[in-house]
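As structure tokens, the structure follows; a few thoughts come after it.
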Amino acid sequence: MIIGHGGNVQALAARNHCTIDDIIDMSSNINPLGPPEGLECFIAENIAKIRSLPQPDARDMVEAFSRFYNIPTDRVIAGNGTTWFIYTLPLALQSKKVLIAGPTYADYRDGCLMHHVPFEFLMATEENNFQPDIAVLRQKLSEDPSVDTVMICNPNNPTGALIPVVQLTDLLNDYPDRFFVIDESYLPFVDNAEKITLVGKTEFPNLIVLSSMSKIYRIPGLRTGYLTADPAVVDNMMAYYQPWSVNALAQAAIVHILENHDAVIPFLEKTRQFVAREKKAFYDAFNGNGEGQIDGNRKMEGEGEHTPSGFTLYPAETYFVLAKLPAHLTSHGVCHEVGNHKILIRDCSNFEGLSDQFVRFSLRDRETNLLLADLLKNII
């Protein structure tokens, strides 16, 4: 299950006979601005917390999230990243069959496989910019009563597609007997995320929302995340919860972040502005002009935007970009060639619903982004 989770920084460093620090990792979907200012110093100053056991249920983390989003604590679980939730949900929900909106993150499938829960993908199409077709989803739910759980990553990895919140709430209303697991791990990068998140939608007992702290705050090594749901679902999940799942430093760091509201909100806004600006610059550079032929934030109709170099770039609401390669190239070959320049990008051939014609790259600073654009154009 661990195989295929993006690029291997260590392997690329060994291949190039360099250190890991010399590798530019554009395969991992984490905040290009890094952790919030002062967070790493806070962790260093609190290193002595490792001398004692953490709270067994990460209660302070739960209460900090509850205050931040103004929801009851009995609707919140703090976990060791969102991964534990993804792998436990099919078991805790006693799912009979799971419908996964793809192409998407492999762990939704692997969580079902672990517990021998039947699953099926409902694939978005290239012709529709990989935007999920809600009408087709509705048809599937109406025709297949065995589907009792739906898993949706919103915005989606690796496509960057975002389903409007009204379409999701309509589904929640119209199919009250189905559970909808909405993974919002990348939503904090989207403009007005606070207004479109489903975390506060307490009126839906069939809604389960996953919130990652790893991506937006660039702390994947701390392994922190949240699940919010109806108290009955929370109780079912807690039956499988292991005490001390979240380590002491992770608990302290997240409480520190969420309790500093005046610093968090500007950090989120700065991140969103940075991502929008750098994404537009990348698209411009990829097209060899400064006129902004492709705006990475605007909605596009029909197929993805075909660039003069032969790549197809799909519109994304996130800071990572899915690209289709020209017919004569393969994802393995392109990733290998880019890797020769100590840059790691994501080979998407192991995403169900994609092929060896697709790669994904997460944007970084301006210099790095322009370097990647030039390298990709030169490969042609």
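The values are calculated or read from the model by the stated rules, or taken from the named source; none is laboratory data. Not measured: the values here are computed from a predicted model. Ideal geometry is used to build each Cβ from the backbone, glycine not excepted, and the neighbour counts take in all protein chains shown. Keep in mind that these areas ignore ligands, DNA and RNA; they rest on the heavy atoms of the full protein, side chains included. Shrake-Rupley method; radii C 1.70, N 1.55, O 1.52, S 1.80 Å.
Brief remarks on what is shown
- Heavy atoms of GLU143 accessible to a 1.4 Å probe, total area in Å² rounded to 10: 130 Å²
- Span from the region 124-164 Cα centroid across to the region 230-285 one, whole angstrom: 24 Å
- The alpha carbon gyration tensor of the chain gives principal lengths a ≥ b ≥ c with a/c of 1.5 or higher and a/b no greater than b/c, which makes the shape oblate.
- Taking amide hydrogens as placed 1.01 Å from N in the peptide plane, the amide H of VAL98 sits under 5 Å from those of PHE119, GLU120, each at least 5 positions away in sequence or on another chain.
- A helix-only calculation puts the chain at -11000 deg cm²/dmol for mean residue ellipticity at 222 nm, using -39500 (n - 2.57) for each DSSP H run of at least four residues, averaged over all residues.
- For the chain, the fraction of 1.4 Å probe accessible surface lying on carbon and sulfur atoms is 51 percent.
- Note on region 40-129: with charges restricted to the Cβ of Lys and Arg (+1) and Asp and Glu (-1), its dipole about the Cα centre is near 340 debye.
- Solvent-accessible surface of protein heavy atoms, probed at 1.4 angstrom with all chains present, puts CYS41, CYS335 in the order CYS41, CYS335, largest first.
- Sequence of VAL165, VAL199 when ordered by accessible area, the most exposed leading, probe 1.4 angstrom: VAL165, VAL199
- Heavy atoms of the protein chains alone define the surface here; on that basis the chain has 43 Å² accessible area per residue at 1.4 Å probe size.
- Taking all protein chains together, HIS115, HIS17, HIS328 sort by accessible area into HIS17, HIS328, HIS115, largest first [probe 1.4 Å].
- Dipole of the chain, positive end: most advanced residue of GLY333, ALA106, PHE351 [Cβ charges, Cα centre]: GLY333
- Of ILE23, ILE343, ILE47, the one that fluctuates the most in a GNM where the chain has Cα springs shorter than 10 Å: ILE47
- Taking the DSSP bridge list for the chain and keeping only pairs wholly inside it, about 50 percent are antiparallel.
- For MET238, solvent-accessible area (1.4 Å; no DNA, RNA or ligand), Å²: 70 Å²
- Charge dipole magnitude, Cβ of K and R +1, D and E -1 - region 304-374, Cα centre, debye nearest 20: 80 debye
- For the residue pairs LYS195/LYS279; LYS97/LYS280; LYS195/LYS215; LYS140/LYS201; LYS215/LYS280; LYS96/LYS215, the alpha carbons lie more than 29 Å apart in LYS97/LYS280; LYS96/LYS215.
- Aspartates and glutamates with Cα under 20 Å of LYS377, excluding same-chain neighbours fewer than 8 positions away: ASP25, GLU278, ASP284, GLU291, ASP295, GLU305, GLU337, ASP347, ASP356, ASP365, GLU367
- Each residue was assigned an accessible area with a 1.4 Å probe, and for ARG138 the value is about 60 Å².
- Here the Gaussian network model covers the chain, with springs between Cα atoms less than 10 Å apart; of SER52, SER95, SER211, SER52 fluctuates the most.
- Between region 309-362 and region 61-100, the alpha-carbon centres lie 32 Å apart.
- Taking the chain as a Gaussian network of alpha-carbon nodes connected by springs under 10 Å, the highest mean-square fluctuation of the residues ASN29, ASN287, ASN260 belongs to ASN260.
- Take the Cβ atoms of ASP133 and LEU370, set R0 to 41 Å, and the FRET efficiency comes out at 0.70.
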